[in-house]
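Participant: Here you go, one structure.
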Amino acid sequence: MYYMKIFSKIALYSLLWYIIFMSPIFLKPTMKTLIWGTEQWGISAHPNGDDKIENEEFPGKTLSQLWSENPELFGNTKGDRFPLLTKIIDARDDLSIQVHPDDEYAGKNENGSLGKTECWYIMDAKPGATIVIGHNAKNPDEVKSMIENREWSKFIREIPVHKGDFFFIEPGTVHAIKGGTVILETQQSSDITYRVYDYDRLQDGKLRPLHVKQSIDVITSPFVEKQPPLNSSKTVNTGLEQLVCCDLFAVWYGKIEGAMEITQDQPFMLCSVINGECELQGKKLVKGDHFILPYGCGKVTLNGNAEMIFSSI
Ligand code: ZN
């Protein structure tokens, strides 16, 4: 009898533990309005936009708190901060021509911040839309002189962009999202951007600050176009298309037509609905909704018709 009691207690606690800690974690995105459009920080624990958790079992908690207080949800991943950030960027107008530092430069010059490797899945693009990736200078001296002499049309490498395109942007790569494009960005949890050129436009009557010295420091030259690195041994999820797998993150695209079973075999998995509608454990999800599948949650089924982007470390 005594053992039965103990046993049922253990069973009850493990069931509760399973319900609380193995459930998907839903987030309330942080919205930002900028001079050129809006950013939705869908999955973020960055101090500039630390998302609130929506699950009742974590009242009032932010993602950064969950990361430090419940490391088991993230497979006890080492690190003093949640490493990734998922954004939806709706660019009505052009973003500045910019570049990001790597971990080493940012750590040294930006108060220990992470650098920023990022990637873009193009959710929507107006006919004729373009994007800036790379530059046409042959060496660091040309980078410096083209920037200092403001030879923007010579310097900037602009290419057409279409819905469904994917770009992997390493630190040191000159880039800009241009107006008429909506993207889902998966990036390191960093907010360090060096503006090279901002089209001389004004915000509240003033020019936004440029970071010419830092930009010249970090821009890689010459620019070499590369395909995103892949790794077929990362994950056993069937039905997901791997878009990139680098040292910092892996990103997948998935299309749900009726139902899709996801095997969560990663330390944690970030999930974003980028088109359509689906349902997960009775919760309806639409474009712009995001959730995290915690460590050990096993198989989950998404029902509906939707396109999704997944990522993990
Ligand atoms: Zn960027």
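Participant: What length, rounded to one decimal in nm, is gained on full extension from R201 through to T38, with 0.36 nm per residue of separation minus their alpha-carbon distance? Before the final figure, lay out each step's value.
Facilitator: Values: separation 163, 0.36 × 163 = 58.68 nm, distance 1.72 nm.
Length gained, R201 through T38: 57.0 nm.
Participant: So what's the angle, to the nearest 10 degrees on a 0 to 90 scale, between helix 2-21 and the longest Cα principal axis of the chain?
Facilitator: On a 0 to 90 degree scale, this one is about 20.
Participant: Pairs of alpha-carbon atoms within less than 8 angstrom and 6+ residues apart define the contacts here; what relative contact order does region 222-283 have, in percent?
Facilitator: 25
Participant: Which peptide among 89-102, 64-77 comes first, and what is the full order, when sorted by highest mean count of other Cβ atoms within 10 Å?
Facilitator: So the peptides 89-102, 64-77, ranked by packing, come out 89-102, 64-77.
Participant: A further question on this structure: Counting pairs of alpha carbon atoms under 8 Å apart in space and at least six apart in sequence, what relative contact order in percent does the chain give?
Facilitator: Here the relative contact order equals 19 percent.
Participant: Beyond 28 Å, what percent of the Cα pairs of the chain remain?
Facilitator: In whole percent, the long-distance tail amounts to 43.
FYI, it's all coordinate maths here, none of it is from the lab. Owing to the predicted nature of the structure, the values given are computational and were not obtained by experimental measurement. Methodologically, a virtual Cβ is constructed for each residue, glycine included, from the backbone with ideal geometry; neighbour enumeration extends over all protein chains shown.
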